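The values are calculated or read from the model by the stated rules, or taken from the named source; none is laboratory data. Every value quoted in this text rests on a predicted model; they were computed, and no experiment measured them. With ideal geometry, Cβ positions are generated from the backbone for all residues, glycine too; neighbour counts draw on all protein chains shown.
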Amino acid sequence: MPILQGIRQWARRVKRDALTLWFAYRHPATTWVPKVMAAVVVAYALSPIDLIPDFIPVLGYVDDALLLPALIWLTIRMLPQDVLADCRNKADQWLDSGKAKPRSAWGAALVIAIWTGVTVLLWAWLRRH
(Lines give C-alpha, C1' and ligand atoms only; values in the text may rest on other atoms or scores of the structure.)
Protein backbone atom coordinates (compact mmCIF):
# COMPACT_ATOMS: atom_id res chain seq x y z
CA MET A 1 0.00 0.00 0.00
CA PRO A 2 2.24 2.86 -1.20
CA ILE A 3 -0.56 5.41 -0.71
CA LEU A 4 -0.89 4.56 2.98
CA GLN A 5 2.87 4.79 3.43
CA GLY A 6 2.84 8.22 1.78
CA ILE A 7 0.05 9.39 4.08
CA ARG A 8 1.90 8.08 7.15
CA GLN A 9 5.09 9.86 6.09
CA TRP A 10 3.18 13.10 5.48
CA ALA A 11 1.47 12.84 8.89
CA ARG A 12 4.84 12.21 10.58
CA ARG A 13 6.33 15.29 8.86
CA VAL A 14 3.40 17.45 9.99
CA LYS A 15 3.78 16.14 13.54
CA ARG A 16 7.55 16.74 13.45
CA ASP A 17 7.14 20.24 12.02
CA ALA A 18 4.56 21.17 14.67
CA LEU A 19 7.08 20.06 17.28
CA THR A 20 9.79 21.95 15.37
CA LEU A 21 7.74 25.13 15.78
CA TRP A 22 7.41 24.40 19.49
CA PHE A 23 11.21 24.45 19.74
CA ALA A 24 11.50 27.43 17.35
CA TYR A 25 9.22 29.51 19.58
CA ARG A 26 11.72 29.03 22.41
CA HIS A 27 14.83 29.48 20.25
CA PRO A 28 16.65 32.75 21.02
CA ALA A 29 17.46 33.43 17.34
CA THR A 30 13.82 33.29 16.21
CA THR A 31 12.65 36.79 15.26
CA TRP A 32 9.38 38.15 16.57
CA VAL A 33 7.08 37.54 13.55
CA PRO A 34 7.87 33.83 13.21
CA LYS A 35 7.86 33.59 17.02
CA VAL A 36 4.28 34.94 17.20
CA MET A 37 3.18 32.72 14.30
CA ALA A 38 4.86 29.69 15.91
CA ALA A 39 3.16 30.44 19.23
CA VAL A 40 -0.29 30.59 17.64
CA VAL A 41 0.24 27.54 15.42
CA VAL A 42 1.75 25.47 18.23
CA ALA A 43 -0.97 26.52 20.68
CA TYR A 44 -3.59 25.38 18.19
CA ALA A 45 -1.73 22.24 17.06
CA LEU A 46 -1.18 21.05 20.63
CA SER A 47 -4.62 22.08 21.83
CA PRO A 48 -6.83 19.20 22.93
CA ILE A 49 -9.77 21.09 21.36
CA ASP A 50 -10.22 21.55 17.60
CA LEU A 51 -11.47 24.77 16.04
CA ILE A 52 -13.86 22.69 13.93
CA PRO A 53 -14.87 19.56 15.91
CA ASP A 54 -14.09 16.27 14.14
CA PHE A 55 -17.67 15.00 14.51
CA ILE A 56 -18.86 17.58 11.93
CA PRO A 57 -18.84 15.66 8.62
CA VAL A 58 -16.11 16.72 6.18
CA LEU A 59 -15.53 20.15 7.79
CA GLY A 60 -14.34 18.51 11.00
CA TYR A 61 -11.23 17.26 9.26
CA VAL A 62 -10.52 20.42 7.24
CA ASP A 63 -8.53 22.02 10.05
CA ASP A 64 -6.53 18.82 10.62
CA ALA A 65 -5.88 18.07 6.95
CA LEU A 66 -5.60 21.54 5.38
CA LEU A 67 -5.59 24.49 7.77
CA LEU A 68 -3.04 23.25 10.29
CA PRO A 69 -0.52 21.90 7.73
CA ALA A 70 -0.81 25.15 5.73
CA LEU A 71 -0.12 27.27 8.82
CA ILE A 72 2.78 25.02 9.81
CA TRP A 73 4.24 25.25 6.28
CA LEU A 74 3.93 29.04 6.22
CA THR A 75 5.56 29.46 9.64
CA ILE A 76 8.38 27.01 8.83
CA ARG A 77 9.20 29.09 5.72
CA MET A 78 9.59 32.21 7.91
CA LEU A 79 12.29 30.67 10.11
CA PRO A 80 15.99 31.27 9.46
CA GLN A 81 17.64 28.12 8.05
CA ASP A 82 19.99 27.63 11.01
CA VAL A 83 17.10 27.90 13.50
CA LEU A 84 15.01 25.50 11.41
CA ALA A 85 17.81 22.92 11.23
CA ASP A 86 18.49 23.12 14.97
CA CYS A 87 14.81 22.89 15.90
CA ARG A 88 14.10 20.02 13.47
CA ASN A 89 17.01 18.12 15.01
CA LYS A 90 15.54 18.68 18.49
CA ALA A 91 12.09 17.61 17.26
CA ASP A 92 13.51 14.41 15.73
CA GLN A 93 15.31 13.62 18.99
CA TRP A 94 12.10 14.22 20.95
CA LEU A 95 10.09 11.92 18.66
CA ASP A 96 12.77 9.22 18.66
CA SER A 97 12.89 9.25 22.47
CA GLY A 98 9.20 8.31 22.62
CA LYS A 99 8.25 11.22 24.87
CA ALA A 100 4.59 12.18 24.96
CA LYS A 101 3.35 15.00 22.77
CA PRO A 102 3.35 18.31 24.64
CA ARG A 103 -0.08 19.80 25.37
CA SER A 104 -1.13 23.43 25.21
CA ALA A 105 -3.60 24.92 27.66
CA TRP A 106 -3.15 28.21 25.77
CA GLY A 107 -4.30 26.47 22.60
CA ALA A 108 -7.45 25.24 24.29
CA ALA A 109 -8.04 28.75 25.65
CA LEU A 110 -7.53 30.21 22.15
CA VAL A 111 -10.10 27.86 20.61
CA ILE A 112 -12.58 28.53 23.43
CA ALA A 113 -12.06 32.30 22.99
CA ILE A 114 -12.69 32.06 19.23
CA TRP A 115 -15.89 30.05 19.71
CA THR A 116 -17.05 32.42 22.47
CA GLY A 117 -16.42 35.41 20.19
CA VAL A 118 -18.30 33.79 17.31
CA THR A 119 -21.21 32.96 19.62
CA VAL A 120 -21.39 36.51 21.01
CA LEU A 121 -21.27 38.03 17.51
CA LEU A 122 -23.94 35.64 16.24
CA TRP A 123 -26.16 36.37 19.25
CA ALA A 124 -25.74 40.14 18.74
CA TRP A 125 -26.53 39.83 15.04
CA LEU A 126 -29.63 37.72 15.71
CA ARG A 127 -30.95 40.21 18.27
CA ARG A 128 -30.83 42.99 15.66
CA HIS A 129 -32.76 40.98 13.07
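General observations
- Candidates in region 61-114 are the residues that are among the charged types (D, E, K, R) and part of a loop (DSSP other than H, G, I, E, B); of these, the one that is surrounded by the most Cβ atoms within 10 Å (Cβ to Cβ) is K101.
- Any chance W94 is modelled with pLDDT of 80 or more and farther than 24 Å from Q9 by Cα: no
- Residue tally, condition assigned to a helix (DSSP H, G or I) and without any contact (Cβ under 8 Å) to a residue 24 or more places away in the chain, over region 13-38: 6
- Looking across region 6-25, the residues that are surrounded by fewer than 19 Cβ atoms within 10 Å (Cβ to Cβ) and either within 16 Å of Q93 (Cα to Cα) or touching an Asp or Glu at 6+ places or on another chain (Cβ under 7 Å) (or both) come down to R12, R13, V14, K15, R16.
- Restricting attention to region 26-48, the residues that are of a type in the set (F, W, Y) and buried (at least 16 other Cβ atoms within 10 Å of the Cβ) add up to 1.
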